[in-house]
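What follows is a single structure, and I will ask about it in a moment.
We did not get these values from a lab; they are worked out from the coordinates using the rules stated. Note that this is a predicted model, so its numbers are computed, not measured. We place every Cβ from the backbone using ideal geometry, glycine too, and count neighbours over all the protein chains shown.
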Amino acid sequence: MPPLRERSDFAEIARHLIEKIDPSADLTESAIDRLAELNWDGNIRELRNVLSRLSLAERGNLIDETAVESVVGHSCSERLPGKASGNSGRKHDLHEIQRAHVLTAYAETGNNISKTARRLGVSRNTIYRALRDKQS
């Protein structure tokens with residue numbers, strides 16, 4: 001299977017994943033173009049994680065290139081979020097990554113709170129908190 005950055009159906013993959021993660025969110029063409037430029041070492045799993053972070057970071061329903069830049073940085077050669085690259089200066093990164101992980105599992109379990117909690121080994125209250133934090 002070719003690397004994600006070389007796939008001709010990158011836009012369809014990104015739209016499918018964002019639909020599963022957050023059905024109310026959508027990606028602009030410029031956001032998809034920016035995402036397609038990145039070096040996806042983790043392939044689709046890494047894209048899913050970045051899209052989860054974008055859905056958490058954006059309060060609106062439309063994710064644009066500016067939102068992508070704020071999450072992945074300005075350089076295509078830059079390491080993607082979640083990788084150990086020293087202190088990035090963002091004190092909320094760990095919390096955002098944890099919420100993204102919860103939301104990804106939540107989407108993968110068909111938006112089932114109990115299944116998500118069991119899969120992650122946390123209480124249902126933790127799942128509710130992550131969902132509540134996403135909405136605020």
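Please list, ordered by chain and number, the residues whose modelled amide H lies under 5 Å from the amide H of ILE63; skip anything fewer than 5 residues away on the same chain.
Residues meeting the amide H criterion: ASP26, LEU27, THR28.
Please work out the FRET efficiency for the pair ARG5 and ARG119, using the Cβ-Cβ distance as r and a Förster radius of 30 Å; give the result to the nearest 0.05.
0.55
At 7 Å along Cα-to-Cβ for each site, give me the label-to-label distance between HIS101 and ARG15 in nm.
3.2
Taking 7 Å along the Cα-to-C-beta vector as the label spot, tell me the GLU108-ALA25 distance in nanometres, rounded to one decimal.
1.6
Nearest 0.05, what FRET efficiency do LEU62 and ASP41 give at R0 = 35 Å with Cβ-Cβ as r?
E(calc), rounded to 0.05, equals 0.80.
By average Cβ neighbour count within 10 Å, what is the ranking of 95-107, 46-58 from highest down?
46-58, 95-107
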